[in-house]
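Everything below concerns the one structure shown next.
The values are calculated or read from the model by the stated rules, or taken from the named source; none is laboratory data. No experiment lies behind these values; they were computed from the predicted model shown. Cβ atoms come from the backbone with ideal geometry, glycine included; neighbour counts cover every protein chain shown.
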Amino acid sequence: MEELNTKVHITPEFVLKNPVMVASGTFGYGLEFTEFMNISQIGAIVVKGLSLKPRAGNPPPRIIETPAGLINAIGLQNIGVEHFVKDKLPELRRLGATVVANIFGERVDEYREVARILDGVEGISAIEVNISCPNVKKGGLKFGQDPASAREVVAAVREATGLPLITKLSPDAPDLKAMIEAVEEAGTDAISLVNTIPAMAIDVEKRRPVLSTVTGGLSGPAIKPIALRLVWQAASVAKVPVIGIGGIMNGRDALEFIIAGARAVQVGTLNLVEPRGAMKVIKEIEAYMRQHRIENIEALTGSLVLPER
Amino acid sequence: MEELNTKVHITPEFVLKNPVMVASGTFGYGLEFTEFMNISQIGAIVVKGLSLKPRAGNPPPRIIETPAGLINAIGLQNIGVEHFVKDKLPELRRLGATVVANIFGERVDEYREVARILDGVEGISAIEVNISCPNVKKGGLKFGQDPASAREVVAAVREATGLPLITKLSPDAPDLKAMIEAVEEAGTDAISLVNTIPAMAIDVEKRRPVLSTVTGGLSGPAIKPIALRLVWQAASVAKVPVIGIGGIMNGRDALEFIIAGARAVQVGTLNLVEPRGAMKVIKEIEAYMRQHRIENIEALTGSLVLPER
Amino acid sequence: MSTMRTTESVEVLSNIALFPGHYRITLGWDPLTVKPGQFVMLRISPTFDPLLRRPFGIYNIKEGGVEILYRVVGKGTSLMSQLKRGDRVDVLGPLGNGFELTEDKDYLMVAGGMGIVPFYMVAKELLRMGKTPRLFFGVRKEEELILADDLKGLGAEVEFTVQERDGKVVTELLESKDIAGKHVLACGPEGMLEKVASICEAKGVESFVSLETSMACGMGVCMGCSVETKEGYRLACVDGPVFNVRELKWKS
Amino acid sequence: MSTMRTTESVEVLSNIALFPGHYRITLGWDPLTVKPGQFVMLRISPTFDPLLRRPFGIYNIKEGGVEILYRVVGKGTSLMSQLKRGDRVDVLGPLGNGFELTEDKDYLMVAGGMGIVPFYMVAKELLRMGKTPRLFFGVRKEEELILADDLKGLGAEVEFTVQERDGKVVTELLESKDIAGKHVLACGPEGMLEKVASICEAKGVESFVSLETSMACGMGVCMGCSVETKEGYRLACVDGPVFNVRELKWKS
Ligand SMILES: Cc1cc2nc3c(=O)[nH]c(=O)nc-3n(C[C@H](O)[C@H](O)[C@H](O)COP(=O)(O)OP(=O)(O)OC[C@H]3O[C@@H](n4cnc5c(N)ncnc54)[C@H](O)[C@@H]3O)c2cc1C
Ligand SMILES: Cc1cc2nc3c(=O)[nH]c(=O)nc-3n(C[C@H](O)[C@H](O)[C@H](O)COP(=O)(O)OP(=O)(O)OC[C@H]3O[C@@H](n4cnc5c(N)ncnc54)[C@H](O)[C@@H]3O)c2cc1C
Ligand SMILES: Cc1cc2nc3c(=O)[nH]c(=O)nc-3n(C[C@H](O)[C@H](O)[C@H](O)COP(=O)(O)O)c2cc1C
Ligand SMILES: Cc1cc2nc3c(=O)[nH]c(=O)nc-3n(C[C@H](O)[C@H](O)[C@H](O)COP(=O)(O)O)c2cc1C
Ligand code: FES
Ligand code: FES
């Protein structure tokens, strides 16, 4: 069999060497993983959500495990966009990593400003606009619930930068189709979904919420069936490429999303459990391609055959 | 310590001997479990969804396991309301079971008709109106998405029967608060949530959906953190009692829902895995009450203490 | 209900590899009555992944124990293969209808691979009735042939096909034989069963097949295990797993 | 990074109950360098429930193996207690900062229950430096005292409190002693550590505590293990688990 072609095109310029990205907030700033793998081999590294100023995040406890899942309420703790560009990006570039900056703001202005700072910076391949974080009081999820607000955010970011734009959607949007249309109109180049699903755990001994923020966001294999359904629905209405996220733990999971219509995928919680997990997913996709004699991964995108009737 | 009081009041007349009900579709018509327990000891048995005429349900495959979850696409296969009243109810009455009839229709008319048939039938303690089944083409979920349709269904059922009414809501309603207000206005006595969450699995070898209906509904421990969050949100806006459902596998899970604001709970998938599961949940709640010296279970309802700030 | 179902935490008495990926587990469980062709639902792990019980045919009942033969195909069976003597599993059963065997009939068993499971108890029952058990057994690889050793030990007449050796499948054997007057009992992969059904139909003999479907509860509650029959859907776990092929509507 | 972290599937060499609910597991793992007070993240099961690795202090390193002492508290540790020789777990580590030990200082160890874990390696290091290890050890039940036997075997001076016997807790012991000039190293339940901190502050001695938080990744990636310090949140898994108490902001 010929060489495998695992390249995927998010935009004509933004081409990944393989469809496996690592999801924001689960791969730090990328450099934490250099002991475990050659990080340049990952499709793209989406770094922890960046805001204009450093953010402290939420008080502990911030995480609680659930059956096959993890609820987090980190609250976008991060070092701030400028610190990232100055202290982390040079090393990421040196190592040849494909870097996507995940950005976040409390106001439309802040999104625009963060995007402007990243615009033209060497070593940033794309921006992922997070309008779907359930763990912050202001901004975040609010933008992800309402198509008009989402349009405004994405339009502001679009105006501020020429970089390829991915808009990260919430699994909790009341009207996914309207949301997708809004961010497409505002000029996004791709959409990614899902972010974590709002969730909760209660300590029955103390009769208090486990997390300091009462609710948090659920990720991990528990949400995969829901995420897959949403990605399939999104792919059936989106004009731009869709990036599938949610509970991917192995190559087969990733393939389910790709077959459902995702051009690429992101693995999140897996990185926390298996530092080398993303590489394993890539290997397993390649093995599947070889076994099924699929030379070009993009031939699989949306290849789902629906039952007649 | 005094005798435990595990009674819960759904309405002044509809009082359960304990807060643990078994969820529709996971306990058959109740009689399947008589070898395993004394079914009169269960708070209430919600029987498989009943429609006006018998329904065949969806083609196989109808179920697929996921991590800590189960996706089903049964499609409300049932023997029809009249057959149920004639052939199953007498035996349930004889055994002393508290029976709630879960009903379903493709049109508002059909809901009304089923409710009318059940009205005044000896041995039915309440009706649960299912406006949230994701597994049928017509009716079902549609009613559960749109407050106006939901209001119409519940009003029609309300008109047709004097039985206590529980309206079963979807975890997928775009606006949960509006939905609750609508069904309250239409005269529901209580709400129950969640039904299963729309979900999907793909067979990557065949590149086809695993389920004959493409998507199905996810239940089980995987969804518990999401269900708990929704029940907590619902309890904070509902005027009527809330019945919490979703992934309850033991007493602690049930207590989380009760502390979050549920007057009673339903266990579903657990019954499929452990035929005696509901009894175990009841025992574990009682043990907790003894340990924490809580004499009256209703003192726990909504006892969640939120963090200051 | 003709038999009494229980759920019980039982001890693993032994768990032995027969050949790569195939095991025989013996459980310290003593069901009241079991019909050949019935099955159990096993809860292998106390955690929620895997969540559901898994269905397995009852291979044999002996003093103080029940034997199950299984093949590792996924996460449940792979956890199962790691069980050791003294570990516990939870068993729900016996379940399903099983094969209906009567003195006045003449039976022929047809099995593919692990489809041999129900036939050891069928054979014992036939012997009890004074009949000589006869089995056509198809396997892919030669190593699987040892699955028939117990039946041979009983004195059953066994004829084989080994696909990797002689390119033949068991339905070809069935096709080539005179089976007039027999009642054919079959268990194996779905494609094989469909073929058995059509051969028997063509030859004008009655046949009964044991079907596998996904199952959640095993006791007629979830309605997840539906099988398409000429009178609508029936449930493999309570109306089956054994069906008269005349009732069935095959997919293809 | 000062030490090289790996993830590796390793063999369980033994897994022995010390007293009810408490075990010592030995893993066939050979980390390059380990500092006293460092920990590992163990993946106990290949399924997704439990999903995350679990953190455990490294108790001891010996020829060909690493020892961990653990207490069964939930589903991960309960699965762990069922591991048998020959089973495999996946280990990520060594992780965390560990205790900083220098020749010029005089140390006193204070442990509550399983908080003794890091101190066996601390004691070995102190001995290597020519110091006599000294430990105040508080337990609830008498049976837990055997957790200190290894340290005594090294020649450490150990003083006890047994809450159920003499109604005393280890912080009372600490309070009653002259500890001037010592550097106190403490590990145990959060309430105890907070008490140790305030005693040491009152007595004007430096103290270092090893904290437990929920952890998902153990390597500074998820930011789930935050600890409130005077300079904002720090991460227990990379900035800790050992913190100088002067940095910390306690909850109460
Ligand atoms: C009545 C009955 C009797 C049986 N008797 C026996 C017996 O005696 N011996 C025996 O060995 N087996 C028997 N089986 C089969 C046995 O139940 C299954 O092999 C077992 O349940 C598999 O469990 P698992 O967890 O190992 O596999 P799983 O992990 O559940 O997977 C099982 C199969 O489903 C497929 N699968 C899982 N998820 C998906 C997905 N998303 N898309 C597509 N495919 C998927 C897997 O590829 C795999 O082939 C019987 C089955 C029935 C119904
Ligand atoms: C750096 C570090 C080192 C450690 N070293 C050791 C060691 O050497 N030995 C040792 O025995 N332990 C050690 N621990 C503790 C150990 O990691 C935990 O005991 C272990 O992770 C528990 O896992 P589990 O799956 O058994 O318990 P889980 O099932 O995860 O539960 C753990 C605890 O959390 C509680 N919990 C779970 N869910 C909820 C909920 N919804 N609400 C409220 N509470 C909940 C449970 O009640 C239980 O007490 C260490 C921890 C850290 C951080
Ligand atoms: C600990 C943690 C932190 C996260 N932080 C971010 C973040 O900063 N920005 C963001 O867009 N998503 C964040 N996410 C969401 C993930 O990127 C991903 O969308 C989600 O976890 C679902 O994928 P998974 O199930 O593979 O983890 C975070 C998730 C986790 C578990
Ligand atoms: C196999 C199956 C069949 C179900 N059938 C019905 C039904 O007929 N009517 C209904 O209202 N809900 C039905 N449900 C939903 C359950 O009643 C319950 O709301 C859901 O499973 C969530 O609870 P659980 O996680 O405890 O199972 C069904 C669920 C399952 C798993
Ligand atoms: S497996 Fe549940 S009805 Fe058959
Ligand atoms: S456990 Fe993930 S950052 Fe510490």
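In the condition set (1) within 21 Å of D:Glu100 (Cβ to Cβ); (2) modelled with pLDDT under 90, D:Val245 is compliant with all but (2). Of all residues in segment A:203-247, those that are within 7 Å of chain B (Cβ to nearest Cβ), surrounded by fewer than 24 Cβ atoms within 10 Å (Cβ to Cβ) and either within 26 Å of D:Thr47 (Cα to Cα) or in contact with a helix residue (DSSP H, G or I) (Cβ under 6 Å, 6 or more places away or on another chain) (or both) total 3. For segment C:45-72, the tally of residues that are under 18 Å from C:Met215 (Cα atoms) and modelled with pLDDT under 95 stands at 1.
Restricting attention to segment A:293-305, report how many residues are facing chain B (nearest Cβ under 9 Å) and touching a residue at least 40 places away in the same chain (Cβ under 8 Å).
3
In segment C:239-251, the count of residues that are under 19 Å from C:Gly93 (Cβ atoms), within 16 Å of ligand 4 (Cβ to nearest atom) and in a loop (DSSP other than H, G, I, E, B) is zero.
When segment C:41-60 is examined, which residues are found to be over 17 Å from the mean Cα position of the chain (by Cα), among the hydrophobic types (A, V, I, L, M, F, W, C) and within 16 Å of ligand 4 (Cβ to nearest atom)? If the condition is that a residue be over 17 Å from the mean Cα position of the chain (by Cα), among the hydrophobic types (A, V, I, L, M, F, W, C) and within 16 Å of ligand 4 (Cβ to nearest atom), then C:Phe48, C:Leu51, C:Leu52 are the ones that fit. The residues of segment D:1-58 that are away from chain C (no Cβ under 14 Å) and β-branched (Val, Ile, Thr), listed by number, are D:Thr3, D:Thr6, D:Thr7, D:Val10, D:Ile16, D:Ile25, D:Thr26, D:Thr33, D:Val34, D:Val40, D:Ile58.
The strands (runs of 3 or more DSSP E) found entirely in segment A:42-147 that carry 2 or more residues being farther than 30 Å from A:Thr6 by Cα are A:63-66, A:69-72. One residue stands out in segment B:28-70 among those that are in contact with an Asp or Glu (Cβ under 8 Å, 6 or more places away or on another chain) and at the interface with another protein chain (Cβ under 9 Å from one of its Cβ atoms): the one that is farthest from C:Gly74 (Cα to Cα), namely B:Pro59.
Residues that are closer than 18 Å to B:Gly25 by Cα and over 18 Å from the mean Cα position of the chain (by Cα) within segment B:85-127 comprise B:Val85, B:Asp87, B:Lys88, B:Leu89, B:Leu92, B:Glu106, listed in sequence order. The residue of segment C:125-159 that is surrounded by the most Cβ atoms within 10 Å (Cβ to Cβ), among those that are in contact with a Lys or Arg (Cβ under 8 Å, 6 or more places away or on another chain) and over 17 Å from C:Val184 (Cβ atoms), is C:Leu154. Going residue by residue through segment B:264-274, is there one that turns out to be of a type in the set (Ser, Thr, Tyr), within 18 Å of B:Val242 (Cα to Cα) and modelled with pLDDT of 95 or more? Checking segment B:264-274: not a single residue is of a type in the set (Ser, Thr, Tyr), within 18 Å of B:Val242 (Cα to Cα) and modelled with pLDDT of 95 or more. Only one of the listed residues (B:Arg276, B:Arg290) is surrounded by fewer than 24 Cβ atoms within 10 Å (Cβ to Cβ), in contact with a strand residue (DSSP E or B) (Cβ under 8 Å, 6 or more places away or on another chain) and away from chain A (no Cβ under 11 Å). That residue is B:Arg276. The set of residues in segment B:231-248 being more than 16 Å from ligand 2 (Cβ to nearest atom) and either within 14 Å of the chain's Cα centre (by Cα) or polar (S, T, N, Q) (or both) consists of B:Gln233, B:Ser236, B:Pro241, B:Val242, B:Ile243, B:Ile245.
Here is a check on your reading of the model: is B:Arg107 modelled with pLDDT of 95 or more and farther than 26 Å from C:Cys225 by Cβ?
On the way: modelled with pLDDT of 95 or more: no; farther than 26 Å from C:Cys225 by Cβ: yes.
Judged against the criteria, B:Arg107 is not a match.
Based on what the data block shows, is B:Val183 over 29 Å from B:Leu272 (Cα atoms), within 15 Å of ligand 4 (Cβ to nearest atom) and not in a strand (DSSP E or B)? In short, yes.
Scanning segment C:209-242 for residues being more than 7 Å from chain B (Cβ to nearest Cβ) and crowded, with 24+ Cβ neighbours inside 10 Å gives a total of 9. For B:Ile39, the stated conditions hold: it is among the β-branched types (Val, Ile, Thr) and over 30 Å from A:Ile223 (Cβ atoms).
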